[in-house]
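Before any comments, here is the structure.
Throughout, read-outs are computed from the coordinates displayed, never taken from laboratory work. Note that the structure is a prediction, hence the values are computed from the model and not measured. Cβ sites come from the backbone with ideal geometry, for glycine too, and all protein chains shown count toward neighbours.
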Amino acid sequence: MRQQCRITCNNPLNSEYVIIGFHSTEIAAASRPGCFYHLAVPRSETSLRVPISCYDVIGNEIFLLVKIIGEGTRCLAQLQKEDTLDVMGPLGNSFTHVEGKRVLLVSGGVGYAPLRFLKRVLEENNEIRWVHGGRAEEDAMPADLICTED
Ligand SMILES: Cc1cc2nc3c(=O)[nH]c(=O)nc-3n(C[C@H](O)[C@H](O)[C@H](O)COP(=O)(O)OP(=O)(O)OC[C@H]3O[C@@H](n4cnc5c(N)ncnc54)[C@H](O)[C@@H]3O)c2cc1C
C-alpha cells in the first residue's frame, strides 16, 4: 500500500542516527519484523525512494532507525513532527517465527534496525541474546554484548 503519513516524532540518538515515527493504522497492522518501507525523499530533487526497515511498531505508530549516509537519509532525518511522509509498504519478507528456543541475534551498524521488532516479538516465548557491533561509539545500540572497533 502507499500512504501519506503524519510524522509523530524525530529523536536524534547521536550525530549519525535518528529515530523517526509515523502514524498509519493500516501500515502498522500489516507490518511484521523484517519488513521495510520505500520512502519518498522529502524536500529533494530526486524521485528515488529510500528503503528503510521497520524498527518497531507500537499501536498505530511505526518507528524507523535511520543512519545518515547521503542525501536521502539526510533529508529523512530532517523530517519534523506533523510533516507528511510518502510511505510505500510494508515490503519484503519476515523472519521464521520460533517458540521455546534460545535465539542469538547478531547485527552490525544499521543492521540493528530490523532486529529490534523481531526481538520484541520473539522474547515472549524464547530466550534471546543479542550481539551488536559497529565501527564507532555512534553505532553502539542496546544489546547483551556490544563491540565497536574504536
Ligand atoms: C531492505 C533495506 C533496508 C534498509 N534498512 C535501513 C534502515 O532501517 N535504516 C537505515 O538507515 N538504512 C537502511 N537501509 C540502507 C538505506 O536504504 C541506505 O543507507 C540509503 O538508501 C542511502 O541513501 P542516501 O541517499 O542517504 O545515500 P546515497 O547518496 O545513496 O549514498 C551515499 C554514499 O553512501 C554509500 N552507501 C549507501 N548506502 C550505504 C550503506 N547502507 N552502507 C554503507 N554505505 C552506503 C553510497 O555508496 C554512497 O557513496 C536499508 C537498505 C535496504 C536495501
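Read phi for every residue in the range 132-148 and hand back ³J(HN,Hα) as whole Hz from Karplus 6.51 cos²θ - 1.76 cosθ + 1.60, θ = phi - 60°, with x for Gly and Pro. Here the 3J(HN,Hα) series is 10, x, x, 6, 9, 3, 4, 7, 6, 10, x, 6, 6, 9, 10, 10, 10 Hz.
Between LEU105 and ARG129, TRP130, VAL131, the built amide H atoms are under 5 Å apart, and every one of these is 5 or more places off in sequence or on another chain. Each of ALA40, ILE20, LEU122 was placed along the dipole of the range 1-133 (beta-carbon charges, centred on the mean Cα), and the one lying farthest toward the positive end is LEU122.
Using only side-chain charges placed at the Cβ, +1 for Lys and Arg and -1 for Asp and Glu, the dipole size of the chain relative to its Cα centre rounds to 340 debye. In the chain, a dipole from Cβ-located charges (positive for Lys and Arg, negative for Asp and Glu) runs towards its positive end, and of ALA77, SER53, GLY92 it is GLY92 whose Cα lies farthest in that direction. Taking amide H as placed 1.01 Å from N in the peptide plane, ASP56 has its amide H under 5 Å from the amide H of PHE63, each at least 5 places away in sequence or on another chain.
Which order do peptides 42-52, 117-127, 66-76 fall in by mean Cβ count within 10 Å, highest first? Walk me through the intermediate numbers first.
Details: 42-52: 13.3, 117-127: 15.3, 66-76: 17.4.
Ranking the peptides 42-52, 117-127, 66-76 by packing returns 66-76, 117-127, 42-52.
In plain terms, the C-alpha convex hull of the range 2-91 casts an average shadow of 5.2 nm² when viewed from every direction. Only helices enter the 222 nm calculation for the chain: every DSSP H run of n ≥ 4 contributes -39,500 (n - 2.57), and dividing by all residues gives -4000 deg cm²/dmol, rounded to 500. Please report, to two decimal places, log10 I(q)/I(0) for the range 34-131 at q = 0.10, 0.11, 0.15, 0.21 Å⁻¹ as given by the Debye formula with identical point scatterers on the Cα atoms and no solvent. The Cα Debye sum returns log10 ratios of -0.32, -0.38, -0.66, -1.10.
Charged side chains reduced to their Cβ positions (Lys and Arg at +1, Asp and Glu at -1) give the range 2-91 a dipole of some 100 debye around its Cα centre.
Distance from the Cα centroid of the range 17-36 to that of the range 56-84 is 10 Å (rounded to whole angstrom).
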